[in-house]
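These notes are about the structure you will find just below.
The values are calculated or read from the model by the stated rules, or taken from the named source; none is laboratory data. All values reported here derive from a predicted model rather than from experimental measurement. Backbone-built Cβ (ideal geometry, glycine too); neighbour counts: all protein chains shown. SASA here: full protein model, heavy atoms, side chains in, ligands and nucleic acids out. Shrake-Rupley method; radii C 1.70, N 1.55, O 1.52, S 1.80 Å.
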Amino acid sequence: MDIFDKFRNNKGDIGKWMDQIHGYFAFPKLEGEISARMNFRGKEVLTWSLNNYLGLGNHPEVRKADAEAAAQYGMAYPMGARMMSGQTVKHEQLERELAAFVSKPDAFLLNFGYQGMVSAIDVLASRNDVIVYDSESHACIMDGVFLHKAKGGKSFVFQHNDMEKCRKMLGFATKRAAETGGGILLITEGVFGMTGQVGKLDEIVALKKEFDFRLFVDDAHGFGTMGPTGAGSGEHFGVQDGIDIYFGTFAKAMAGIGGFIACETDICYILRYNMRSQTFAKSLPMAMTIGALKRLDMIRTMPELREKLWTIVNALQSGLKEAGFDLGKTNTQVTPVYMKGGEEEATQMIYDLRENYGIFCSMVVYPVIPKGEILLRLIPTAMHTLEDVEITLKAFKETRKKLVAGEYRTGEIAKVEVDM
């Protein structure tokens, strides 16, 4: 078979809908200034789909820092990978300041968070080592685990946040590691980006009294938002010392590009010299590096941004709960709203929210969640207002009535005229 024919005959679980959803439900174009209100297909919409938690994406001070850095250095400098020709004093400064902020001895900058996570797992876990991971781990973790398996490594998965199952898997991993002469790497998240639950980091760290393992935490959604100073989920639980390898991204609270890993200095140097995604890829541009320094400084010195975020979070989530909406088990800013229905009902509801209520949020359906379930994912930010919350609550109440009454049960997904 021609490899292209294979894809034309089987486009994938989501790709099979591409002719109907592209440009509207998938790959939509939000235009205008980054804000709680943006333009979608010529109309202003109240936007709940930007991971811009602290509102830094379009903050005047951030834009000024980005613009001045771009004017001074351009977007190309430094040229080359860090190891060869892409090292600068600003990159080193950012690493030092990030490490200090999350209370680790050292940090290593990543040009992209996703590929950095995959590459870090590849370095840390050899074929003789064993990985234990949460079943709802982010795709970048799963890809790292798949790569580990491809090398002949063994992994054990435990049900999401189930500490008894985690303990059981650690038992299996301990036996396996004894046979191979390897070690154990436990990987989980600080904040799970789909459900909004915090990982049970305090209980996992406590398991170190029973088992010998190293803990790797992906805190993409916790960095900048969780903890008394915003230093993350480890700080939130008071167990940052128990996290051996801490990962944060610039794509969420920092509203930028890139990420970092923080850990002991000698391990940082092992990563610097062995992570293929960094050794063979261009260094983070200077404009983004200097911009990240500014963003980090604002996180440290402007707690009012985080306070505003949580004011909006509490108002939105309490309002939804009072109205009888199911938010699952979220205990962070990520706000999932669960309802019953199929793909066609989900698309009809989203179309109604966007076109008739001016509300833009993300939709998640099967195969990401079980059949018959609809998940509308709201991302509160410091940009939003209490008035935005009230408008959204009203829209959700009205569209839920239509969903329950069967008005969205048309037998087909919403038809929208878009350009492919």
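Calculate, for Ala67 and Asn314, the FRET efficiency according to 1/(1 + (r/R0)^6) with r their C-beta to C-beta distance and R0 41 Å; round to the nearest 0.05. Write down the numbers at each step before the final one.
On the way: r = 34 Å, r/R0 = 0.84.
E between Ala67 and Asn314, to the nearest 0.05, is 0.75.
log10 I(q)/I(0), Debye, Cα-only the chain, no solvent, q = 0.13 Å⁻¹?
Relative scattering, expressed as log10 I(q)/I(0), comes to -1.25.
So how many Å³ per residue does the convex hull of the Cα atoms of region 322-366 work out to?
Working: hull volume 4.5 nm³, N = 45.
Cα-based convex hull of region 322-366, divided per residue, equals 101 Å³.
When ligands, DNA and RNA are left out and all protein chains stay put, how many square angstrom of accessible area per residue does region 1-107 have with a 1.4 Å probe?
It amounts to 59 Å² per residue over region 1-107.
Per 10 Å bin, what percent of the C-alpha pairs of region 136-176 does each bin hold, from zero upward?
P(r) for region 136-176, in whole percents per bin: 28, 48, 23.
Rounded to two decimals, what ratio of Rg to Rh does region 25-83 give with C-alpha atoms and a Kirkwood Rh?
1.11
For Arg37, what residues show an amide H to amide H distance below 5 Å, using hydrogens built from the backbone and excluding near sequence neighbours?
Thr47
Using the C-alpha gyration tensor of region 61-191, what are the square roots of 5 times its eigenvalues, in whole angstrom, with the largest one first? Kindly include the intermediate steps, with their values, before the conclusion.
Working: eigenvalues 265, 56, 36 Å².
Whole-Å semi-axes of the equivalent ellipsoid: 36, 17, 13.
Rounded to the nearest 20 Debye, what is the dipole magnitude of region 232-347 about its Cα centre when Lys and Arg each give +1 and Asp and Glu each give -1 at the C-beta?
420
Give me, ordered by chain and number, the residues 5 or more places off Ile359 or on other chains with an amide H under 5 Å from its own placed amide H.
Leu46, Arg354
If you bin every alpha carbon distance in region 263-353 into 10 Å steps from zero, what whole percent lands in each bin?
12, 20, 23, 24, 19, 1
Between region 232-256 and region 316-387, how far is it from one alpha carbon centroid to the other, in angstrom?
With region 232-256 and region 316-387 each reduced to a Cα centre, they are spaced 26 Å.
Quick one: grab the alpha carbon gyration tensor of region 368-420, order the square roots of its eigenvalues as a ≥ b ≥ c, and give me rounded if a/c is under 1.5, else prolate or oblate depending on whether a/b is larger than b/c.
prolate
How much accessible area does Leu386 have with a 1.4 Å probe, in Å² rounded to the nearest 10?
100
Can you list residues whose amide H is under 5 Å from Ile184's amide H, if they're 5+ apart or on another chain and H is modeled 1.01 Å from N?
For Ile184, whose amide H was placed from the backbone, the distant partners under 5 Å are Val130, Arg214.
What percent does the relative contact order of region 95-144 come to when contacts are Cα pairs within less than 8 Å and at least six residues apart?
Computed value for region 95-144: 33 percent relative contact order.
Let me check against my output: what whole-number percent is the relative contact order of region 70-127, with C-alpha pairs under 8 Å and at least 6 apart?
It comes to 16 percent, rounded to a whole number.
In debye to the nearest 20, how big a dipole does region 60-186 give about its Cα centre with +1 on each Lys and Arg Cβ and -1 on each Asp and Glu Cβ?
That gives a dipole near 460 debye.
How about region 361-401: which trypsin sites (Lys or Arg not before Pro) there lie in a loop by DSSP and see at most 14 other Cβ atoms within 10 Å?
Answer in residue order: Lys371.
Largest first and to the nearest Å, give the Cα extent of region 240-307 along each principal axis.
39, 32, 16
What is region 1-126 by shape, rounded, prolate or oblate, if you read a ≥ b ≥ c off the alpha carbon gyration tensor as root eigenvalues and call it rounded for a/c under 1.5, prolate for a/b larger than b/c, and oblate otherwise?
Oblate is the answer for region 1-126, as a/c is 1.5 or above yet b/c matches or exceeds a/b.
I'd like the accessible area for Arg409: 1.4 Å probe, protein heavy atoms, all chains in place, Å² to the nearest 10.
Here the residue's solvent-accessible area equals roughly 150 Å².
For region 203-325, what does the accessible surface come to per residue with a 1.4 Å probe? Please give it in Å².
Numbers: 4620 Å² over 123 residues.
Averaged over the residues of region 203-325, the accessible area is 38 Å².
Which whole-number percent gives the relative contact order of the chain, counting Cα pairs below 8 Å spaced six or more residues apart?
About 21 percent, as a whole number.
Which shape class, rounded, prolate or oblate, goes with region 178-297 when its Cα gyration tensor gives a ≥ b ≥ c as root eigenvalues, a/c under 1.5 marks rounded, and past that a/b bigger than b/c marks prolate?
oblate
Which loop-located chymotrypsin sites (Phe, Trp or Tyr not before Pro) does region 196-294 contain, where loop means any DSSP state but H, G, I, E or B and the Cβ has at most 11 other Cβ atoms within 10 Å?
Phe280
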